[in-house]
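Undergrad: Dropping a structure here in structure tokens format, bear with me for questions.
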Amino acid sequence: MTQAPARWSGETEGKPAPEPLSRVQALVNTVDLESGADRLALVADAQPWLQTQGLVASDGAIPPEDLGTIREFRDALRTMLVHNAGGPAPTDQQLRPLSRIAESSAARVQLRADGTVQVAADGDSLAGRLLSLLLVVSEAQRDGTWAQLKACGNEDCRWAFYDRSRNHGGTWCEMSTCGNKLKNREFRARRRAT
Ligand SMILES: [Zn+2]
């Protein structure tokens with residue numbers, strides 16, 4: 001069992017995205033890159049979390065290769081959040097796990113009784129469940145909230161946070177940790193240089 005980082009206890013995000021974009025944030029934040037703790041590393045750790053998120057069926061074991069697919073999907077999403085934070089645009093290769101899901105699954109348009117039109121993933125295969133997360137991304141890109149979901153500017157961290165700062169210029173998951181750490185590092189580097 002991997003040691004859960006402090007940030008997982010209580011399941012609260014310091015800078016939470018609105019629903020349902022918070023589902024994307026939660027998936028990206030299943031790994032703590034600084035400690036290496038990954039709640040999707042082992043089926044036993046991953047299964048309860050993936051079930052509560054609706055990313056796997058509530059019955060039956062998860063094949064280990066499905067876990068690999070979900071981790072790759074997560075890491076591809078993170079490259080998009082790095083770009084939202086002003087980093088480089090993801091390459092085709094980095095986006096491949098997402099395009100694979102898009103190509104291998106379909107969505108269905110549903111008309112509800114009250115006249116609202118909804119687009120939902122067709123079927124409940126793993127690809128279908130991951131496609132539902134891509135539909136959340138699509139919705140967020142349309143309503144403008146996507147650009148505010150960012151990966152921390154500290155490249156050892158890359159924690160996903162929702163930037164609620166007024167000018168949307170936030171860079172750090174937490175100023176008290178990553179922001180100051182980097183500032184101190186830069187300060188020491190400058191001092192060495194002079
Ligand atoms: Zn950070």
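Undergrad: So for the range 15-193, averaging the separation of alpha carbon pairs under 8 Å that are six or more residues apart and normalising by length, what relative contact order in percent results? Walk me through the numbers on the way to the answer.
TA: Numbers: 218 pairs, mean separation 41.9, N = 179.
Worked out over the range 15-193, it gives 23 percent.
Undergrad: Oh, and also: Rounded to the nearest 500 deg cm²/dmol, what is the calculated helix-only ellipticity per residue at 222 nm for the chain, with -39500 (n - 2.57) per DSSP H run of length n ≥ 4?
TA: Values: 6 runs with 84 residues, N = 194.
Counting only the DSSP helices, I get -14000 deg cm²/dmol.
Undergrad: Scattering from the C-alpha atoms of the chain alone, worked out with Debye: what is log10 I(q)/I(0) at q = 0.12, 0.14 1/Å?
TA: Once normalised to I(0) and log-transformed, intensities are -0.64, -0.85.
Undergrad: Next question. What net charge is computed for the residues neighbouring ARG71, neighbours being all others with C-beta under 15 Å from the C-beta of ARG71, Lys and Arg scored +1, Asp and Glu -1?
TA: Details: positive: ARG39, ARG74, ARG78, ARG96, ARG100, ARG129, ARG158; negative: ASP32, ASP38, ASP45, GLU65, ASP66, GLU72, ASP75.
Net local charge, ARG71 excluded: 0.
Undergrad: In the chain, which whole DSSP H runs stretch at least 24 Å along their own axis (Cα) and average 0.0 or higher on the Kyte-Doolittle scale? Don't skip to the end; give the middle numbers.
TA: Working: long enough: 64-84 (31 Å, -0.52); 126-143 (26 Å, 0.74).
Both cut-offs are met by 126-143.
Undergrad: Is there a quick way to get the dipole size of the chain? I mean about its Cα centre, with the Cβ of Lys and Arg at +1 and of Asp and Glu at -1; what is the value in debye to the nearest 20?
TA: Working: 24 positive and 24 negative charges, 226 e Å.
Here the size comes out at about 1080 debye.
Undergrad: Moving on. Using Cβ-Cβ distances only, list the Cys residues of the chain with no partner cysteine under 4.7 Å, sorted by number.
TA: Lacking a cysteine Cβ partner under 4.7 Å: CYS178.
Undergrad: Put a dot 7 Å past each Cα toward the Cβ at ALA57 and LEU42; how far apart are the dots in nm?
TA: Label-label distance for LEU42 and ALA57, simple model: 2.5 nm.
Undergrad: Using a Förster distance of 30 angstrom, determine the FRET efficiency expected from the C-beta separation of VAL119 and ASN84, and round it to 0.05.
TA: 0.85
Undergrad: List the trypsin sites (Lys or Arg not before Pro) within the range 116-170 that DSSP assigns to loop and that have no more than 16 neighbouring Cβ atoms inside 10 Å.
TA: Numbers: sites: ARG129, ARG142, LYS150, ARG158, ARG164, ARG166; in loops: ARG158, ARG164, ARG166.
Sites meeting the loop and neighbour criteria: ARG164, ARG166.
Undergrad: Next up: With the crude spin-label approximation of a point 7 Å out along Cα→Cβ, what separation in nm comes out for GLU34 versus VAL109?
TA: The two pseudo-label positions are separated by 4.7 nm.
Undergrad: I'd like to check one number: the per residue accessible area of the chain, probe 1.4 Å, reported in Å² as a whole number. Working shown, then result.
TA: On the way: 10980 Å² over 194 residues.
About 57 Å² of surface per residue is accessible.
Undergrad: Now, a different point. Mind checking which of THR116, SER58, ALA85 is farthest towards the positive end of the chain's charge dipole, using Cβ charges of +1 (Lys, Arg) and -1 (Asp, Glu) about the Cα centre?
TA: Value computed over the given set: ALA85.
The values are calculated or read from the model by the stated rules, or taken from the named source; none is laboratory data. Note that this is a predicted model, so its numbers are computed, not measured. Neighbour counts are summed over all protein chains in view; Cβ atoms, including those assigned to glycine, are modelled from backbone coordinates with ideal geometry. Accessible surface areas use protein heavy atoms only, side chains included; no ligands, DNA or RNA. Shrake-Rupley method; radii C 1.70, N 1.55, O 1.52, S 1.80 Å.
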